[in-house]
Each structure stands twice: as structure tokens, then as C-alpha cells.
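The values are calculated or read from the model by the stated rules, or taken from the named source; none is laboratory data. This one's a predicted model, so the numbers in the text were calculated from it and none came from an experiment. Note that we place each Cβ from the backbone using ideal geometry, even for glycine, and neighbour counts take in every protein chain shown. Heavy atoms of the whole protein, side chains included, go into the accessibility calculation; ligands, DNA and RNA do not. Shrake-Rupley method; radii C 1.70, N 1.55, O 1.52, S 1.80 Å.
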Amino acid sequence: MPDDVLLEARGVTRRFGGLTAVDAVSLELPRGAVHAVIGTNGAGKSTLINVLSGELPASAGSVLLLGEDITHWPQPRRARHGVGRSYQRTTVFPRFSVLENCRLAAQAHRPRAWAVWSDADRDETSLALAHEAMRRTGLTDLAARAAGGLAHGQKRQLEIAMCLATAPQVLLLDEPLAGMGPEETDRMLSLLASLREGHAILLVEHDMDAVFRIADRITVMVDGKVLATGEPEVVRANSDVQAAYLGEATL
Amino acid sequence: MTRTLPVALAVVGLAVFPWLGGKFYVDLAMTVMILAIFALSLELLVGRTGLVSFGHAAFFGVGAYATVLLSSKSAAPSLLWLLPAAMGAAALLAAAIGALSLRTRGIYFIMVTLAFAQMAYYVFHDTKLGGGSDGIYLYVKPVMGLGSAVWLDLDHPLPFYFFTLGCLAAVFAFLAMLSRSPYGHALAGIRANEQRMRAAGFSTYPYKLAAFIVAGALAGLAGFLYAVKDGFVNPEILAWHQSGSVLLMVILGGIGSWRGAVIGAFAFVALKELFQSDVVFGAFARHWQLLLGLTIIAAVALMPNGLIGVAAQLRARRRASATKIAHAG
Amino acid sequence: MTLATFLVQCLNALQYGLLLFLVASGLTLIFGIMGVINLAHGSFYMIGAYMAYALSPWAAAHLGGGFFTALGIGLVLSVAFGYVLEWMFISYLYEREHLQQVLMTYGLILVFEEVRSILAGDDVHGVAAPAWLAGSVPLGGLMTYPVYRLFMSAVCVAVAIGLFFVIARTRLGMAIRAGASNREMVQSLGIDIRFVYRVVFAAGVALAVLAGMIAAPVSSVYPGMGNQVLIICFVVVVIGGIGSIRGALVAALLVGIVDTFGKVFFPQAAGMLVYVLMAAILLWRPEGLFRHA
């Protein structure tokens with residue numbers, strides 16, 4: 001049973017003028033578990049990830065990393081302390097090679113930016129992390145390819161690889177399965193399963209089948225609020241959740 | 001990004017040029033080299049980091065004015081402290097302007113850099129600091145020496161030519177090395193997608209500020225050389241036309257390439273000479289800015305990747321037709 | 001400083017600020033709605049001044065009118081000119097990066113400057129204010145204030161009110177505001193977005209030209225005037241926030257006050273105070289006072 005909580009959200013709220021996109025959401029991300037957040041479009045899922053990762057400041061509430069309050073930390077600082085994320089819309093660097101994409105992400109942890117005489121392409125630390133990230137996501141054969149020329153599924157894998165290259169403890173993944181066919185989805189799910197040990201994973205997803213296959217815990221969001229949270233079967237049986245998804249054949 | 005053979009050839013070519021060309025063309029070559037350093041410094045900002053600055057002339061101007069103002073009127077100042085001092089003055093201004101401007105993004109950044117450069121222009125134009133709109137003279141050119149022995153006297157054209165060439169080569173090599181370093185790679189990442197870099201853990205502001213300061217210092221070096229070459233500075237070198245010209249050089253040569261910046265400087269000087277030539281345009285040469293304006297519009301519209309981009313396209317087309325011939329045969 | 005002198009400076013600050021607003025509003029509107037940064041905007045101001053200089057005698061000789069007839073003709077010409085310029089040139093800039101827009105419109109400035117030099121020479125010219133506005137109004141006991149400057153302020157205020165009304169209350173204004181946030185959506189609703197853009201650009205040009213024309217009697221007509229006003233307008237737009245007309249008004253008045261009173265209290269540093277103001281605001285609010293209002 002997973003014990004230590006890596007990332008915790010307590011009453012996180014985010015307002016945009018009159019609109020409350022995230023309303024007092026609390027959840028825990030323990031090590032060794034996959035926590036899925038599902039909900040209809042506009043439920044506030046992406047905004048939640050943005051607040052947890054530090055891209056957007058919280059209007060109220062707090063975010064804790066290993067018990068430490070990081071609510072006012074800027075995003076780069078959170079990333080350096082182990083909060084990694086991937087994006088819903090692919091944000092790989094199209095002109096760089098797959099290897100360089102991962103290596104550059106890994107470089108964030110050992111910047112030594114003043115060492116202008118050294119050659120980045122020979123930096124052992126970042127290269128090692130990059131190769132490891134590519135190995136886990138199955139991209140080693142594509143290392144020299146320009147990221148812009150990859151197929152969609154491969155780009156989504158690279159998106160995860162870049163997140164892994166920063167050696168995070170917490171992975172905040174925003175719709176990693178977006179636009180994937182069944183084969184690619186299987187590959188991605190087995191990757192996520194292999195990542196479960198040692199990491200805390202937050203997964204925002206629309207693909208219900210995939211969610212029920214991989215998640216240890218599910219939180220359902222509607223209109224920015226948490227509707228239900230718990231183990232998958234409990235959530236599935238919850239009548240409020242069923243009502244909210246009335247007509248959704250996949251549930 | 002650098003192909004060694006053409007670069008080496010260019011250096012050799014420039015090195016023997018003083019014995020090949022007439023005085024007018026050698027002087028022009030010196031101008032091209034100085035502007036090439038200026039353009040390279042802006043390429044670091046625009047091409048490498050993605051920061052479009054429309055106020056880069058401020059650092060060129062401050063470097064030039066510092067050179068003149070810090071020199072004594074009687075004895076030849078020593079190169080060994082004057083050059084770093086001029087670059088330092090430019091770097092200091094870049095630190096101040098950069099710290100404020102980099103709080104803005106995108107279009108704001110362009111406007112703010114323009115506005116601050118204009119402020120620097122007014123400082124030199126309206127106050128007594130630099131002799132006002134008339135400008136000031138450099139009375140004695142700097143030398144490099146120890147005690148009474150003079151090793152390098154920049155008052156003489158040949159030593160100055162080679163000193164400038166040496167500076168250009170050093171700046172080029174430095175920037176090439178910077179590109180390969182982790183810092184250079186980080187700048188490239190910031191240009192591609194700053195948000196993604198932040199998500200990976202890079203605090204991007206210090207990286208950008210450092211690039212801004214280095215670019216400012218290098219522009220100051222170009223300013224130093226400019227002041228020594230002609231022995232005269234006036235506020236127009238800080239005017240926004242200067243900022244616009246150096247931006248044009250960078251885009252003319254091709255953004256994203258160090259060679260492009262040098263080529264762009266050469267192309268700009270060549271075009272300006274052409275448009276101002278009485279021989280070609282007669283009395284209309286007075287209105288050379290009209291042709292320059294039309295050229296800028298045409299260049300940006302038709303050659304968005306600059307001359308380097310055009311060369312690459314031609315090479316690609318030649319390769320494609322060679323493949324076609326190979327397949328047909 | 002006596003009360004009367006203070007009042008005079010206040011009115012000067014107001015007049016200068018309102019004139020800046022006239023020019024800056026066009027700039028911020030064009031950028032806010034179409035996303036195009038147009039460096040040549042200052043050139044329109046210059047064109048306006050030169051038109052006032054060239055058209056007044058012509059209008060007097062051929063049409064029997066004077067300054068106001070010239071104003072009318074100038075406005076019509078500027079709308080036509082703006083419409084054609086958008087169609088032939090500016091519309092190609094919408095999809096381009098900022099750097100390309102900056103450089104292409106910079107090239108346009110050079111072209112305008114030289115054409116002006118060819119057509120009207122490089123001398124400084126004066127333009128006479130219409131006779132019935134040329135007098136002065138008494139202020140307090142000792143000072144007087146030129147009526148023409150009050151007229152300038154009045155015109156600017158009228159235009160400002162007109163602008164707010166059009167943008168907030170008319171269907172065209174709605175289309176403009178909608179086009180600013182979602183271009184494709186507006187097009188799919190059957191509104192011709194290209195027409196809207198053309199109208200907005202022509203209006204921006206007309207605003208700058210109008211400013212130049214009414215400023216001519218006070219500032220005279222000289223070669224560098226467009227560039228000078230452009231950079232100050234950049235400062236206004238940066239302080240006010242791009243795309244915000246309200247911001248442009250507040251910022252323009254701020255700049256007017258700082259510049260006018262700066263010249264009085266710190267004559268040495270007068271030209272620089274506006275930039276110091278900009279730096280101070282940037283430290284506090286990097287995106288201007290009213291972003292996207």
C-alpha cells in the first residue's frame with residue numbers, strides 16, 4: 001500500500017475574473033500510485049494541472065510537496081524539485097533531435113550555465129538522463145531524428161520522455177493519450193504502469209477505458225469542483241457520477 | 001552551424017585584402033568588419049535567444065562614446081584598459097536596460113528597447129556630456145604597449161585593420177563556442193519554447209539577461225572600433241536608424257546563422273554604397289533611403305530566411321534536379 | 001509658480017496629452033485588433049501636418065475655404081489612403097512574425113520620408129491657424145491662453161467620445177471587438193473580417209492624420225516630426241497597455257503631465273523624464289496599466 005504523499009493539493013482554487021475554474025479541490029498524490037482526474041470539457045482539469053505545476057498561481061488554497069508549502073514557488077523551482085509535467089498539446093522542440101529534446105530537459109537540473117567552454121553534446125550527466133528517458137519510452141532508435149518529423153504517437157511518447165528526463169518524483173500528465181490509436185494506447189499504458197513504482201502520477205484523461213485500466217484512484221471533477229473521489233469501482237458505482245455522465249456509453 | 005572551410009577562406013581573404021584592394025575599399029572592409037561584429041552581437045539576441053531588440057544601437061553608441069570620453073587628450077591611452085572599459089560601459093547599460101525590458105514580452109519588448117535606446121540618444125544629444133549634437137573627437141588613438149615600448153599603435157591603418165580582423169575572428173569563435181555550450185543550447189530552447197523550458201526547470205530570466213548583457217558588451221566592442229577608426233563620434237550612432245540598420249543586417253544575412261550576420265553586414269554596406277553612388281543613380285542618389293526602404297520591404301517579404309536561406313534553397317534545388325537526372329538516366 | 005502659470009501648464013499638459021492620445025489610439029487599435037505593429041504610424045502624423053501645409057493655400061485659392069476645408073479634404077484623402085495601404089500592404093503582415101512586421105513597416109517609414117522629401121523638400125514650414133481661432137483667452141488677471149490650443153483639446157475630446165461610442169455602442173464596434181478575440185468565428189458569422197480590418201486601419205490612419213493636421217499650426221511642419229511622435233506613442237501604448245483605448249487615454253495624459261511639468265522643473269532632463277516614467281511603470285506592471293481592456 002503506497003505510503004508517503006509526494007504532492008498534495010489543499011483547497012486549491014483558481015479564479016479568472018468572475019469565473020471560478022477550480023473550486024476548492026483537494027487531492028493527494030502518494031508515491032507508487034496513479035491518480036486519474038476525469039471530467040467533462042471545461043471541468044477545470046487542465047487548470048488544476050497548471051496550478052499544481054506552478055504555471056498559474058492559485059487564487060486560494062495551498063500546494064505541498066513532501067509536506068513543504070510550495071504554493072508561491074515559481075514553476076522552474078518546482079520542476080527542479082521534482083514536479084514534472086507533460087502537455088496536452090505537444091510541446092516538443094520540433095527542430096531539435098529526439099535526443100536533444102530529452103538532453104535539454106535533463107540539463108535543467110545541472111545547469112552550470114556559466115561553463116560556456118564546455119560542449120553540451122558531450123555533457124555526460126544530461127546525456128545519461130536523456131538516454132534513460134528514451135529507453136523507458138522506447139524512443140532509443142529514433143534518437144537522431146528531428147522531433148518535428150515524428151508520428152503523432154511518437155511525439156506524445158517524446159512528451160513523456162522529456163518529462164522523465166528531468167528525473168521527477170511527481171508526474172503531472174495532461175491527456176497523454178490524446179489522439180492515439182489502440183496499439184499506441186496500450187504501449188503508453190504499459191509505460192505508465194512501469195513508471196508507477198517510485199513516482200506519483202496524476203493523469204488527466206478522457207479515455208475512460210484506459211483510465212479504469214491504469215488508475216489506482218479516480219477523482220471526478222464537474223464545473224471546477226470535486227464530484228467524487230475514490231477507488232475506480234467505487235467511483236463507477238457512484239450515482240452522482242453516473243448522472244453527470246448520463247449518456248456516456250463508455251462509463 | 002559553422003562550416004569551417006568557407007569561414008577559413010573568408011578570414012584568409014580578409015587577411016590579404018589590404019595588399020589587393022585600394023585605400024577606399026580597404027577602408028570599406030574595415031567598416032564591414034566593425035558592422036559584422038555589431039551584427040553578430042545582435043544575432044545572439046535575435047537569432048539565438050529570440051529576443052527582438054530595436055534598441056541595440058544604444059550599446060554600440062555607449063561603447064563608442066566611452067572610448068572617446070575615457071581617453072585623455074594628450075597621451076595615447078592604453079588599449080588594455082580602454083577596450084575593456086568601453087565594453088564594460090556598454091555591458092553596464094545593457095544590464096540596466098535588460099533588467100527592465102526583459103520584464104516584458106513580445107511586442108512590448110520591441111517597443112521598450114526602442115524607447116530606452118531613444119532615451120540614451122537624448123542623453124547624448126541634449127546634454128553637454130558628449131558634446132551635444134555636434135559630437136566629439138578622439139584626439140589620440142589607443143596603443144598597446146608596456147612602459148615606453150609600443151607593440152601596437154591603432155593610429156596606423158594596417159595594425160588597426162588586423163586588430164579589427166582579430167576582434168572579428170575572436171568574436172565569431174567565442175559565439176560559436178557559446179552555441180555549443182549548455183548555456184547556448186538553453187538559449188536555443190528558450191527561443192523555441194520558453195514556457196517548455198520553464199516547465200523543465202530553467203529559470204529563464206537570468207539566461208536572457210546574461211545574453212542581453214553579452215550582446216551589449218560585444219556591441220560596445222564594435223563601438224570602440226568605430227570610434228578609433230574615424231576618431232569621431234556623434235549622437236546619430238545611437239539613433240534608431242542605426243538599430244534598424246543592424247536588425248536589417250541580421251535578417252538580410254539570415255537569422256539563426258553566425259555567418260549570416262557577417263554576410264548581412266557585408267550586403268548592407270554594399271547596398272548602401274550602391275544606392276548612394278552618383279555613378280549609378282545620379283542626382284537621385286540623394287534619396288538613397290527610398291531605395292533602402294524598398295529593399296528592406298522586398299528582402300523581408302521575399303527572402304524571410306535571408307541570403308543564407310536563398311543559398312540553401314538553391315543547393316536543395318540543385319540536389320533535387322541531380323536526383324531527377326540520376327533517376328531518368 | 002503662480003496660479004495662472006500653473007493653470008497654463010495644466011492646459012498645455014492636457015492639450016499635449018490629448019494630441020498624443022489621438023495618435024496613440026490609432027496605434028493601439030491597430031495592434032489590438034489586427035495584431036500588427038506599424039512603425040509607420042508616425043509617418044501618418046507627418047503626412048497630416050504636410051497636408052495641412054499644402055492643402056490650406058490650395059483650398060483657399062480654389063475652393064474659397066481655408067483651414068477647415070483643408071481639414072475635411074485631408075480626412076477624406078487619409079481614409080482613402082489608409083484603405084488602399086491596408087489592402088496593398090498591411091494585409092500581408094497579419095500572418096507574419098513581429099520582427100518581419102517591424103522591419104517592413106520600418107522600410108515603409110524610409111519610403112514615406114523620402115517621398116515627402118522629394119515632393120515637399122526638407123525645409124521647416126509654418127501653417128497659419130484660422131483667423132477666428134487665432135486669438136487668446138484671458139486667464140486670471142495676468143495671463144492669456146491661445147484659443148487654438150483649446151480648440152485642439154476640444155477636437156481630441158470629441159474624437160475620444162466618438163471612439164468610445166463607436167466601439168461600445170455600434171454594430172461595427174461589436175464586430176471590431178469580436179474580431180479582436182476570435183477572427184475565424186466572426187468570419188463564419190458572415191461578417192467580412194477583412195472589411196472590418198480595412199475600416200479599422202483606415203480609421204487609425206485618419207486619427208493620426210487629423211492629429212498632424214490640427215497640430216501643424218502649433219508645432220510647425222518639419223521632417224523628423226513623425227519619428228518623434230511615434231516613439232512617444234510607443235511609450236504611451238506600453239504604459240497604457242496594448243489594445244486598450246482607455247489605457248491609451250490615461251497614459252497619454254500621464255505622459256503629457258510628466259513632459260510638460262518636467263520641462264518646467266527639470267529643463268535639463270526634460271527629454272528623458274518620459275522614459276523614466278515608462279521604466280517606473282514597467283517595474284510595477286510589465287503589461288501596462290490596463291491590459292486588454
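The requirement of being open to solvent by 20 Å² or more (accessible area, probe 1.4 Å), more than 30 Å from B:LEU129 (Cβ to Cβ) and of a type in the set (Phe, Trp, Tyr) is fulfilled somewhere in the range B:285-298, by at least one residue. The residues of the range B:190-224 that are in contact with an Asp or Glu (Cβ under 9 Å, 6 or more places away or on another chain), in a helix (DSSP H, G or I) and facing chain A (nearest Cβ under 10 Å), listed by number, are B:GLN195, B:ARG198, B:ALA199, B:THR204.
So for the range A:4-17 (the condition being more than 14 Å from chain B (Cβ to nearest Cβ), surrounded by fewer than 17 Cβ atoms within 10 Å (Cβ to Cβ), without any contact (Cβ under 8 Å) to a residue 24 or more places away in the chain and part of a strand (DSSP E or B)), does at least one residue qualify? Within the range A:4-17, one or more residues are more than 14 Å from chain B (Cβ to nearest Cβ), surrounded by fewer than 17 Cβ atoms within 10 Å (Cβ to Cβ), without any contact (Cβ under 8 Å) to a residue 24 or more places away in the chain and part of a strand (DSSP E or B).
Selection over the range C:237-293 of residues that are of a type in the set (Lys, Arg), in contact (Cβ under 8 Å) with a residue 40 or more places away in the chain and in a helix (DSSP H, G or I) gives a count of 1. Here C:PRO138 meets each of (1) open to solvent by less than 20 Å² (accessible area, probe 1.4 Å); (2) assigned to a strand (DSSP E or B) with one exception, condition (1). For the range A:168-181, the set of residues classified as at pLDDT 90 or above and open to solvent by 30 Å² or more (accessible area, probe 1.4 Å) consists of A:GLN169 only. Could you go through the range B:80-97 and let me know if any residue there is touching a strand residue (DSSP E or B) at 6+ places or on another chain (Cβ under 8 Å), in contact (Cβ under 8 Å) with a residue 40 or more places away in the chain and farther than 30 Å from C:ILE281 by Cβ. Looking for residues that are touching a strand residue (DSSP E or B) at 6+ places or on another chain (Cβ under 8 Å), in contact (Cβ under 8 Å) with a residue 40 or more places away in the chain and farther than 30 Å from C:ILE281 by Cβ, one finds at least one in the range B:80-97, hence yes. Within the range B:195-208, being touching a residue at least 12 places away in the same chain (Cβ under 8 Å) and either more than 21 Å from B:MET87 (Cα to Cα) or hydrophobic (A, V, I, L, M, F, W, C) (or both) holds for B:PHE202, B:THR204, B:TYR205.
Can you pull out every residue in the range C:98-135 that is within 14 Å of chain B (Cβ to nearest Cβ) and open to solvent by 70 Å² or more (accessible area, probe 1.4 Å)? Listed by number, the residues that qualify are C:ILE118, C:LEU119, C:ASP122. Within the option set C:ALA40, C:ALA49, C:ALA80, being surrounded by fewer than 23 Cβ atoms within 10 Å (Cβ to Cβ) and either aliphatic (A, V, I, L, M) or within 17 Å of the chain's Cα centre (by Cα) (or both) holds for one residue only, C:ALA80.
Take the residues in the range A:47-84 that are of a type in the set (D, E, K, R) and away from every other protein chain (no Cβ under 14 Å), then tell me which one is most open to solvent (accessible area, probe 1.4 Å). Restricting to residues being of a type in the set (D, E, K, R) and away from every other protein chain (no Cβ under 14 Å), the top hit is A:GLU68. Given the structure, is B:VAL246 open to solvent by 10 Å² or more (accessible area, probe 1.4 Å) and either away from chain A (no Cβ under 14 Å) or in a helix (DSSP H, G or I) (or both)? In short, no.
Just checking, which of C:SER220, C:SER244 is over 14 Å from the mean Cα position of the chain (by Cα), over 18 Å from B:PHE109 (Cα atoms) and hydroxyl-bearing (Ser, Thr, Tyr)? Result: C:SER220 is the single residue among C:SER220, C:SER244 that is over 14 Å from the mean Cα position of the chain (by Cα), over 18 Å from B:PHE109 (Cα atoms) and hydroxyl-bearing (Ser, Thr, Tyr). Of all residues in the range C:21-50, those satisfying the criterion of being part of a helix (DSSP H, G or I) and over 14 Å from C:LEU207 (Cα atoms) are C:PHE31, C:GLY32, C:ILE33, C:MET34, C:TYR50.
Could you pull out the residue among C:VAL218, C:VAL200 that is part of a helix (DSSP H, G or I) and touching a Lys or Arg at 6+ places or on another chain (Cβ under 7 Å)?
Unique residue meeting the criteria: C:VAL218.
Considered as a group, the residues in the range A:122-181 that are touching a residue at least 60 places away in the same chain (Cβ under 8 Å) and basic (Lys, Arg) include one that is nearest to the other protein chains (Cβ to nearest Cβ), and that residue is A:LYS155.
Candidates in the range A:85-107 are the residues that are facing another protein chain (nearest Cβ under 8 Å) and within 30 Å of A:GLY11 (Cβ to Cβ); of these, the one that is surrounded by the most Cβ atoms within 10 Å (Cβ to Cβ) is A:ARG85. Look at (1) closer than 26 Å to A:ASP240 by Cα; (2) part of a helix (DSSP H, G or I) and you find that A:PRO76 fails only one, number (1).
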